[in-house]
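The values are calculated or read from the model by the stated rules, or taken from the named source; none is laboratory data. Because the structure is predicted, anything quoted here is derived from the model rather than measured. Positions of Cβ are backbone-derived with ideal geometry, glycine not excepted, and every protein chain shown enters the neighbour counts. Areas reflect the complete protein model, heavy atoms only, side chains present, ligands, DNA and RNA absent. Shrake-Rupley method; radii C 1.70, N 1.55, O 1.52, S 1.80 Å.
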Amino acid sequence: MQVNNPDVHSMDAVLDELYGKVGTPEREEFRKEAYAYYVGQLIHDARKQERITQDDLAHKVGTTKSYISKIEKGYIEPSVGLFFRIIEALGLKVNIVKPIM
């Protein structure tokens with residue numbers, strides 16, 4: 001028997017309340033910021049796992065330590081080319097697949 005807990009809410013409803021409905025400029029801005037943060041955390045975690053400093057990674061991919069720091073903090077998103085250079089430098093692999101509908 002399932003009991004509804006009034007303290008548990010739909011994440012979509014929470015996001016709608018905080019950032020507007022899907023498709024609104026506010027929600028789109030939140031989505032972009034969330035993706036930038038997520039990508040930054042992936043890069044940060046992979047770099048730490050490989051025991052590479054921000055400076056070493058920057059030299060490998062042709063940018064600056066400051067730029068790597070900004071990416072890892074989610075302040076900026078790297079270009080596609082730089083993203084792939086970072087992924088390669090960290091020994092990672094990207095698979096691009098079309099979802100099955």
GNM flexibility winner over the chain from Leu90, Leu18, Leu82 (Cα, springs under 10 Å): Leu18
Net dipole in debye of the chain [+1 Lys, Arg Cβ; -1 Asp, Glu Cβ; about Cα centre; nearest 20]: 520
Ellipsoid semi-axes in whole angstrom, largest first, where each is sqrt(5λ) of the Cα gyration tensor of the stretch 34-88: 15, 12, 10
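Shape call for the chain from the C-alpha gyration tensor, a ≥ b ≥ c root eigenvalues: rounded (a/c under 1.5), prolate (a/b greater than b/c) or oblate?
Taking the square roots of the gyration eigenvalues as a ≥ b ≥ c, the chain is prolate.
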Cβ-placed point charges (K, R +1; D, E -1), dipole of the stretch 5-60 about Cα centre in debye, nearest 20: 320
Farthest positive-ward along the stretch 1-96 dipole, Cα basis, beta-carbon charges - from Pro25, His59, Leu42: His59
Cα long-axis angle, helix 80-89 against the chain (0 to 90 degrees, to the nearest 10): 70
The chain, helix-only ellipticity at 222 nm - DSSP H runs n ≥ 4, -39,500 (n - 2.57), divided by all residues, nearest 500: -18500 deg cm²/dmol
Accessible surface of Thr64 - all protein chains present, 1.4 Å probe, nearest 10 Å²: 80
